[in-house]
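Report on one structure; see the data block that follows.
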Amino acid sequence: MTTRRKFVQGAAALASASAIGALLPTPARAQSAKLRIGMMLPYTGTFAALGTAITQGFNLAVDENAGKLGGRDIEYFTVDDESEPAKATDNANKLVQRDKVDVLVGTVHSGVVMAMVKVARDSGALLVIPNAGANAATGSQCAPNIFRTSFSNWQPAHPMGKVMYDKGHRKVVTLTWKYGAGEESVESFKEAFTKLGGSVVKEMYLPFPNVEFQPFLTEIASLRPDAVFVFFAGGGAVKFTKDYMAAGLKDKIPLYGSGFLTDGTLPAQGASAQGLLTTLHYGDGIDNAKNKQFRFAYAKKFGVQADVYAVQGYDAALLLAGGLTAVKGSFGERSALYSALEKVKVDSPRGPWVMSKAHNPIQDIYLRRVDGNANEVIGVAWKALEDPARGCKMA
Ligand code: PHB
């Protein structure tokens, strides 16, 4: 509600400013003017906590940068996208056309981000994606003005194929929501697992964001696979691990997933998540100075522990800070800005990373084990993994 209210107030306050702004072509806007950032994220629904963590991470990095990016003060325009693809095009257009944002930052949900990608491609607006993994955003739909600071859906799931095969599992059942991120995560896991000789005996799906898991758990119990691979996140992940344990499966059929299953969710998952192994581009206990400083500052400022979403939001601001500083805060020469963004080495809590040619992080994927309220890093599952960027032809 707070966000909606903020959005409405912001919109009213801006009506007159936008009217003036609308008369000026974007490049003519003075560099000394405030940088207009459109945050399009979920603040309600199953991914609400993810949107909040991304926003907080972004704000922390801006704070550490004296409240500026590329030397410019910032004005925020915020929309709750509700992880609702049907509203996504309108929401993104409001920020780009009406609010005339310089940068669109969002979002969490792969279906919603594909609408943002289309708006960015059509309008030329700069888009920075701080979560949603839709492969096409840095694959077939890649573009000079689209950058991602998180992952492609292919990335964190792929190493799990080898992890599970090496554990001796051969027959696996998969379960996820039937939408971009779920389907692409399962596809990537399956690609790696079957290449080694494993088989997926059944792929199960339920509509996003449903959490009626019981019929699937009953079927898993009767199929008796060696193990189960899932993609769930946020509120749905909490309900899933709890139901899996309540069904008596936790100690019988090992459960694995990409690390979203246990990230930002552990206090709510309690015993149901203990010991789970997952793969992800972040882990709470990553042993570097940047991660320690980041986690300390985040916990101090927001009163909660940082998670992967907070890191991705933080890195989105670091990327913009790096790129914009190099061009002295100017959006005038677009190709100079994009090539500056391409060159930023992001000093992330996950470890330093650079962009692939398709504008997606090249990064280590960690193997993590849940211990108490932390995803402890127990190894590197895949060093410097780069998304294959299938179909990307950068214009
Ligand atoms: C996605 O829809 O791309 C998505 C959502 C939540 C996650 C990861 C990926 O935790």
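Bear in mind that the values in this text are calculations on the coordinates, not laboratory data. Note that the structure is a prediction, hence the values are computed from the model and not measured. A quick note on method: Cβ atoms are made from the backbone with ideal geometry, for glycine too, and the neighbour counts reach across all protein chains shown.
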Item to check | DSSP bridge orientation in the chain - percent antiparallel, rounded to nearest 5 | outcome: 30
Next on the checklist: I need the per residue convex hull volume for the chain, using only the alpha carbons, in cubic angstrom as a whole number.
Outcome noted: 123
Next on the checklist: As a footprinting exposure proxy, order Asp287, Asp122, Asp315, Asp243 by other Cβ within 10 Å, with the fewest listed first.
Outcome noted: Asp287, Asp122, Asp243, Asp315
Next on the checklist: Under a crude label model (7 Å from the Cα following the beta-carbon direction), how far is Ser140 from Lys178 in nanometres?
Outcome noted: 2.0
Checklist entry - Spin-label point model (7 Å from Cα, Cβ direction): what's the Glu333 to Thr194 distance in nm? => result 4.9
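Just want the ordering: Cys392, Cys142, from fewest to most Cβ atoms lying within 10 Å of their own Cβ.
Fewest to most other Cβ atoms nearby, the residues stand as Cys392, Cys142.
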Item to check | log₁₀ of I(q)/I(0) at q = 0.09, 0.10, 0.12, 0.16 Å⁻¹ - the range 154-280, Debye sum with one point per alpha carbon | outcome: -0.20, -0.25, -0.37, -0.68
Next on the checklist: What whole-number distance in Å separates the alpha-carbon centres of the range 309-356 and the range 208-250?
Outcome noted: 38
Item to check | Residues in the range 214-250 reached by a label modelled at Ala271 [backbone nitrogen below 18 Å; 7 Å Cα→Cβ] | outcome: 238-250
Checklist entry - Taking the simple approach of a point 7 Å from Cα along Cα-to-Cβ for both Ala66 and Ala374, what is their distance in nm? => result 3.5
Next on the checklist: Run the paramagnetic zone check for Ala395: 7 angstrom along Cα to Cβ, then residues of the range 346-370 with backbone nitrogen under 17 Å.
Outcome noted: 358-359
